[in-house]
Amino acid sequence: MKKITNRLTLIVTLCVLSYGFQSCEQKQKDETKEVEKEVIVESEKPEYFLLRPEVEKSYGYSHAVKIGNDIKISGAVSMDNEGNPTAIGDLEQQMKNCYADLEKILKHFGCTFDDVVKEDIFTTNMPLMLEKSAYRAEIYKNGFPTGSWLGVKELALPEFMIEIELEVHKSE
């Protein structure tokens, strides 16, 4: 009788283990299928935007690139349509000119400053930038984005005192 009980116990144990292994294999197959579904995503084609095509082509950059819901915007500086510096010596006006250009780019993509998630500011005069930074509250009415302010020795042209670049996430 003891032999039969031991054999039955062994058979039941083997059945339970077998079922457990099959269950694990099925779970692993389901997880693999789920991962395969995530990997099969159609590649998104970048959309390029040139604010001043001739200037940007001569310097070799695009002012903005959109991929999916994300937009990277190159640093805006205070310049006219021919690439000449404007508001020379006036950091506050240069800042306003930068934000005016950035707003044109945002509008092109159907965005506003509310969609900005990161703003990096480069300036050749940090004390003056800190003094004039209150203007940003007129731009970011619903909260400021993340970002950095960096004091630099110089920008692309010696007349530029400030450069502002953005990262944007457009919710759909």
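The values are calculated or read from the model by the stated rules, or taken from the named source; none is laboratory data. These numbers were taken from a predicted model, which means no experiment stands behind them. Every residue, glycine as well, gets a Cβ built from its backbone with ideal geometry; the counts of neighbours run over all protein chains shown. These area figures cover heavy atoms from the full protein model, side chains too; ligands, DNA and RNA do not enter into them. Shrake-Rupley method; radii C 1.70, N 1.55, O 1.52, S 1.80 Å.
What to note about this one:
- Taking all protein chains into account, the per residue accessible area for segment 33-172 stands at 59 Å² (1.4 Å probe).
- With the simple spin-label model, which puts each label point 7 Å out from Cα in the Cβ direction, the residue 86 to residue 152 separation comes to 2.0 nm.
- A Stokes-Einstein calculation at 4 °C with viscosity 1.567 mPa s, built on the Kirkwood radius of segment 43-172 over Cα pairs, returns a diffusion coefficient of 86 µm²/s.
- Label point 7 Å beyond Cα of residue 126 along Cβ direction - residues of segment 156-172 with amide nitrogen under 17 Å: 161-164
- Length gained on full extension, residue 69 to residue 118, computed as 0.36 nm times the residue gap minus the Cα-Cα distance: 16.2 nm.
- In segment 68-172, the portion of solvent-accessible area held by carbon and sulfur atoms comes to 47 percent [1.4 Å probe, whole percent, DNA, RNA and ligands not counted].
- Taking a Cβ cut-off of under 12 Å around residue 48, the surrounding Lys, Arg, Asp and Glu residues balance to a net charge of +2, with basic ones at +1 and acidic ones at -1.
- Karplus-derived 3J(HN,Hα) values for segment 87-102, using 6.51 cos²θ - 1.76 cosθ + 1.60 with θ = phi - 60°, are 6, 4, x, 10, 4, 4, 5, 4, 4, 4, 5, 4, 5, 5, 5, 4 Hz; glycine and proline are entered as x.
- Interchain or long-range residues, amide H under 5 Å from residue 117's placed H: 167, 168, 169
- Above-threshold pairs, the threshold being 23 Å between Cα atoms, out of 45/107; 141/170; 57/153; 118/141; 72/132; 66/107: 57/153; 72/132
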